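The values are calculated or read from the model by the stated rules, or taken from the named source; none is laboratory data. Here the structure is a predicted model, which is why all the values come from computation and not from measurement. Cβ placement follows ideal geometry from the backbone for every residue including glycine, while neighbour counts extend to all protein chains displayed. Accessible surface is based on the protein model in full, side chains and every heavy atom, while ligands, DNA and RNA are left aside. Shrake-Rupley method; radii C 1.70, N 1.55, O 1.52, S 1.80 Å.
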Amino acid sequence: MIDITSKESIIEILESKDTNRFNRLIEQAYNVKVYNLGNKVYLRGLIEISNICAKNCLYCGLRSGNSFVSRYELTDSQILEAAEFAYRSNYGSLVLQAGERCSSVYVDRVTKLIGSIKDISNGRLGITLSLGEQSYETYKNWFEAGAHRYLLRIESSNPMLYSKIHPMDNNHLWENRLSALNDLKNIGYQTGTGIMIGLPGQSYQDLAEDLLFIKNFGIHMVGMGPYLRHSQTPMGKEEHTTTDLTLTLKMVAILRLMMPRINIAATTAMQVVDPIGRERAIFAGANVIMPNMTLADVRKEYQIYNNKPGIEDDALITKSKLEENLSKAGIEIGWGEWGDPQAYFDK
Ligand code: 5AD
Ligand code: SF4
């Protein structure tokens, strides 16, 4: 068995260039996943409802300071149409994602949308939110309206590194992110977080500590992926070599060994680094994929990093490509199932 019991042993795996050891790690992680959760992959249809964002993260193309982006906001009927697509496609659940906004008009609109999505699907579609930091009350209202999962990445568990990639405006502090994550978990959400891998200035020690942070927090779901440059951002203007997928796959595999019963997403960023990156992540222990269902017209405006795949496609094309790729790789889909993280039910 590969040793993942101490920070030092995790760092050693992350640093190692030994291919045999890498292959063994991936195989073990896959086996642990199958033993604990089965071999199905669960789908969450992703709707990017708006690219308007109040935050100004130094790495992200949607940052408020990027004036080259044309900002959009889907209408309620466009969102509900996408939700119906998810329902008809038997995706089981969907994710509403957007930049961060906190006005009461916006918050109330989301509450109503959650109710409408429940209505059109006879309560059957699971609803995940990925709408940034909000107050305890807002999180609670959205939960009571029917959202049951929330994704909020910690980005880095190292407050120093976090402060280097997030400007201080808008009270953007690591402590607030942590406290939002605690709120989500206390309210009862299936709570997800994640980090970026290969950030400038990030060490193997940081990454090992990220994994330990995730474990100690008792998270239910994780989405992580390589940091990618976006040319219209302060960080994207700097020279940086993107790490290949090996490090990300190691992170997924180690996390699977550390937390056998959580959900781990194979993220779009993995697909940017390697066209079959998501499939490789599934074989390294991931068990969730989030196919994009955003209207083709606005997809190109939701580029958090450059070279985001599928921006010319619509929901149907994304679905058929994904099905084809997964079936080629011999990966079975859990159609119509919520695919809840088992860790949520463990006490
Ligand atoms: N590279 C990789 N991931 C990014 N994200 C934002 N910008 C980038 C980038 N340039 C990720 C962050 C954020 C999520 C929505 O997308 O982790 O939480
Ligand atoms: Fe906004 Fe999220 Fe991008 Fe930060 S990472 S600028 S919060 S969309």
**the chain, helix-only ellipticity at 222 nm - DSSP H runs n ≥ 4, -39,500 (n - 2.57), divided by all residues, nearest 500** = -13000 deg cm²/dmol
**Complete:** With every protein chain in place, the accessible area of residue 283 for a 1.4 Å probe, in Å² rounded to the nearest 10, comes to 70 Å²
**Request:** Could you work out the local net charge near residue 273, counting Lys and Arg as +1, Asp and Glu as -1, over the other residues with Cβ closer than 14 Å to its Cβ?
**Result:** +2
**Prompt:** Tell me, which cysteines of the chain are without a disulfide-compatible partner by the Cβ under 4.7 Å rule?
**Reply:** 53, 102
**Prompt:** What does region 113-237 give for Rg and for Dmax, in Å, if only its C-alpha atoms count?
**Reply:** 16.0, 48
**Request:** Using label points projected 7 Å from each Cα along Cα→Cβ, tell me how many nm separate residue 76 and residue 54, to one decimal.
**Result:** 2.2 nm
**Message:** Quick check for you: which residues of region 171-196 have the amide N under 18 Å from the point 7 Å beyond the Cα of residue 137 toward its beta carbon?
**Reply:** 180, 183-184, 187
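Quote the relative contact order of the chain in percent (integer), defining contacts as alpha-carbon pairs under 8 Å separated by 6+ residues. If you can, show how the numbers build up before the last one.
Numbers: 628 pairs, mean separation 87.5, N = 347.
Relative CO of the chain lands at 25 percent.
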**Label-point separation, residue 179 to residue 5 (7 Å along Cα→Cβ), nm** = 3.8 nm
**Message:** I'd like the per residue volume of the convex hull spanned by the Cα atoms of the chain, given in cubic angstrom.
**Reply:** 125 Å³
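What does the charge add up to near residue 293, with Lys and Arg as +1, Asp and Glu as -1, over the other residues with Cβ less than 12 Å from its Cβ? Could the numbers behind the result be given before it?
Values: positive: 44, 88, 299, 319; negative: 48, 81, 84, 313, 314.
Result for the local shell: -1.
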**Prompt:** Counting only protein chains, not ligands or nucleic acids, how are 22, 68, 143 ordered by accessible area (probe 1.4 Å), most first?
**Reply:** 68, 143, 22
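I'd like to check one number: the per residue accessible area of the chain, probe 1.4 Å, reported in Å² as a whole number. Write out the running numbers ahead of the final one.
Working: 14510 Å² over 347 residues.
Heavy-atom SASA per residue in the chain reads 42 Å².
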**Item:** Distance between region 4-53 and region 212-258 - C-alpha centres, whole angstrom
**Value:** 11 Å
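Need the full-extension length gain, residue 246 to residue 109, defined as separation in residues times 0.36 nm minus the C-alpha distance. One decimal, nm. Show your work: numbers first, answer last.
Working: separation 137, 0.36 × 137 = 49.32 nm, distance 4.13 nm.
Gain on stretching residue 246 to residue 109: 45.2 nm.
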**Message:** Taking amide H atoms as placed 1.01 Å from N in the peptide plane, list the residues 5 or more away in sequence, or in a different chain, whose amide H sits under 5 Å from that of residue 225.
**Reply:** 195, 197
